[in-house]
Amino acid sequence: MTSSERGAAFPLGLLLAAALVGVWSFIEPRDRVIWWLEALPALVAAILLAATYRHFRFTDLAYGLICLHAIILLVGAHYTYAEVPPFNWLRDSFDLSRNHFDRVGHFAQGFVPAIVTRELLVRTSPLRPGKWLFAIIVLVCLGISGAYELIEWLAAEISGEGASAFLATQGDVWDTQKDMAMATLGAILALSALGGIHDRALEALGWKGAG
């Protein structure tokens with residue numbers, strides 16, 4: 001096995017794992033229309049990553065996080081975000097106000113894009129790790145979260161009776177703002193906790209760092 005083949009084994013394994021979860025998710029979901037709405041970002045990401053792999057290979061860290069995010073999306077697509085069983089159990093067992101899987105999804109919506117955005121900017125722009133890069137990435141993730149909320153609103157308007165299940169507001173009038181706050185928190189924590197690890201992963205791909 002060549003070094004190139006060994007390098008491809010990890011992302012290929014992640015793709016297979018996500019595909020298996022995708023097949024499970026697709027079988028008898030709670031709502032077929034909601035499934036397509038929730039799973040579409042994962043499907044689009046898989047197609048784009050496969051199409052661009054030879055021209056722009058991400059670090060294994062980025063691929064691993066993307067796979068995790070895809071699995072979160074696919075689980076939410078199968079049950080709807082407000083009805084994921086383990087989080088229903090947590091809600092009932094600890095007398096919580098809602099099923100919090102939706103919050104996990106929005107946290108991941110900031111956590112994972114933060115590393116992906118960091119990699120794209122470090123490798124394709126003059127920006128280098130530091131305060132400005134940190135701030136720009138957090139703002140990018142906040143923008144992504146805001147754009148996604150607008151897309152959710154538009155899709156919910158079009159889907160009509162499926163709006164409540166898709167938005168997963170669960171009666172909280174501040175749900176949109178809290179979702180965006182979770183995405184922002186996810187981005188900040190990802191950059192703070194994984195910045196050094198990500199730098200080493202980039203160096204393994206040939207990035208020379210700020211110097």
Take the conditions at pLDDT below 80, loosely packed, with under 14 Cβ neighbours inside 10 Å, under 26 Å from residue 37 (Cα atoms) and of a type in the set (Asp, Glu) and apply them to residue 152. Does it pass?
no
Name the residues in the range 91-129 that are without any contact (Cβ under 8 Å) to a residue 12 or more places away in the chain and under 25 Å from residue 201 (Cα atoms), would you?
120, 124, 125, 126, 127
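Given 139, 74, 61, 127, which one is within 16 Å of residue 198 (Cα to Cα) and part of a helix (DSSP H, G or I)?
Selected residue: 61, the only one of 139, 74, 61, 127 that is within 16 Å of residue 198 (Cα to Cα) and part of a helix (DSSP H, G or I).
Just give me the residues in the range 13-41 being over 17 Å from the mean Cα position of the chain (by Cα), at pLDDT below 95 and surrounded by 13 or more Cβ atoms within 10 Å (Cβ to Cβ), in sequence order.
Across the range 13-41, the qualifying residues are 30, 31, 33, 34.
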I'd like to know if the range 58-79 contains one or more residues that are crowded, with 16+ Cβ neighbours inside 10 Å, in contact (Cβ under 8 Å) with a residue 12 or more places away in the chain and at positive phi.
no
Take residue 204 and decide whether it is of a type in the set (Gly, Ala, Ser), under 22 Å from residue 62 (Cβ atoms), out of contact with any Asp or Glu (no Cβ under 8 Å at 6 or more places or on another chain) and at pLDDT below 95.
yes
Of the residues that sit in the range 80-115 and are within 30 Å of residue 27 (Cα to Cα), of a type in the set (A, V, I, L, M) and within 20 Å of the chain's Cα centre (by Cα), which one is surrounded by the fewest Cβ atoms within 10 Å (Cβ to Cβ)?
104
In the range 124-143, the residues that are surrounded by 14 or more Cβ atoms within 10 Å (Cβ to Cβ) and modelled with pLDDT of 95 or more:
133, 134, 136, 137, 138, 140, 141, 142
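The values are calculated or read from the model by the stated rules, or taken from the named source; none is laboratory data. Keep in mind that what you see is a predicted model, and the values were worked out from it rather than measured. Cβ sites come from the backbone with ideal geometry, for glycine too, and all protein chains shown count toward neighbours.
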